[in-house]
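The values are calculated or read from the model by the stated rules, or taken from the named source; none is laboratory data. These numbers come from a predicted model, not from an experiment. Quick reminder, even Gly has a Cβ in these numbers, built from the backbone with ideal geometry, and neighbours come from all protein chains shown. What goes into the accessible areas is simple: the full protein's heavy atoms, side chains included, and nothing from ligands, DNA or RNA. Shrake-Rupley method; radii C 1.70, N 1.55, O 1.52, S 1.80 Å.
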Amino acid sequence: MSTSGPTTLLVIAKEPLPGRVKTRLTPPFTPAEAAELAEAALRDTLCTLLAVPARRRVLVLDGRPGPWLPTGIEVVAQSAGGLDERLAAAFGGCTGPALLIGMDTPQITAAHLAPVLSPDAWDGCDAWFGPADDGGFWALGLAAPDPELVRGVPMSVPRTGAVQRRRLVDAGLTVRDLPALRDVDDAADAALVAAAAPDGQFAAALARLTGAASR
């Protein structure tokens, strides 16, 4: 597959440091183990980005890059403010179509992203929306990135996804939907996501940690 394409891919993430990421995994995991799982999820996500065609591949990072960052990924710092402001700023830095995803769905594959990255993805389409099982969203694509389409949307609540999608529709945009996926929020989510992508680094990290806990 070609490594180039018309769409910029954005991943918004925190540096995987103990106590700063995946705090809802503790307990049963320690803060260090939760950070290890977050790093594995980020590695899987960035690996998928490198396997699909894109104009740019950008990690919008809160923190500093580490050895987990592969070659071929640009890094830009997250802006200040709430998550809606940070997402808005990420889109504001793009020219042309852009797709933003988080680091909480390490099970994503090239097939999940294929509809947005196909040659006709933006023909008659203004936005792509990927709902998450927890009521949020795992993907948001905009043909003409406008920060105001995100700014002010309440984040990290059960109605986040519904409000965000309604914002797009109310703006007169033609919206296409991607399949719903599960975010890794708690330990039960982690087990289900690992089962959905058993060959990934996230699944390997979870197996290592849960195996160690059972011994």
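With the simple model of a label 7 Å out from the Cα in the direction of the Cβ, residue 118 to residue 71 spans 3.3 nm.
The relative contact order of the chain, computed from alpha carbon pairs under 8 Å that lie at least 6 residues apart in sequence, is 23 percent.
Looking at region 86-201 only, what percent of DSSP beta bridges run antiparallel? Nearest 5 please.
Here the share of antiparallel DSSP bridges comes out near 70 percent.
Using a 1.4 Å probe and counting only protein heavy atoms, arrange 169, 193 so the residue with the most accessible area comes first.
Numbers: 169 55, 193 5 Å².
Descending order: 169, 193.
Rolling a 1.4 Å probe over the protein heavy atoms of region 6-158, with every protein chain left in place, gives an accessible area that is 56 percent carbon and sulfur. Please report the antiparallel percentage of DSSP beta bridges with both residues in region 120-186, rounded to the nearest 5. If I count the DSSP bridges inside region 120-186, around 55 percent turn out antiparallel.
In Å², and per residue, what accessible area does region 72-215 have when probed at 1.4 Å with the other protein chains present?
On the way: 6360 Å² over 144 residues.
I get 44 Å² per residue for this part.
Using only helices, what value at 222 nm comes out for the chain when you add -39,500 (n - 2.57) per DSSP H run of length 4 or more and divide by the total residues, to the nearest 500 deg cm²/dmol? Let's see the in-between values first.
Details: 6 runs with 73 residues, N = 215.
My calculation for the chain gives -10500 deg cm²/dmol from helical runs alone.
A Förster radius of 25 Å combined with the Cβ-Cβ distance from residue 24 to residue 169 puts the calculated FRET efficiency at roughly 0.25.
The fraction of Cα-Cα pairs per 10 angstrom bin, counted from 0 for the chain, comes to 9, 36, 38, 15, 2, 0 percent, rounded to whole percents.
Students sometimes get this wrong: rank 202, 137 by accessible area, probe 1.4 Å, all chains present, largest first. Show your work: numbers first, answer last.
Values: 202 5, 137 35 Å².
These residues rank, largest area first, as 137, 202.
Computed from backbone phi with θ = phi - 60° and the Karplus coefficients 6.51, -1.76 and 1.60, the 3J(HN,Hα) list for region 28-34 is x, 8, 6, x, 5, 5, 4 Hz; x is used for glycine and proline. Taking label positions 7 Å along the Cα-Cβ direction at both residue 80 and residue 186, the computed distance is 3.5 nm, reported to one decimal.
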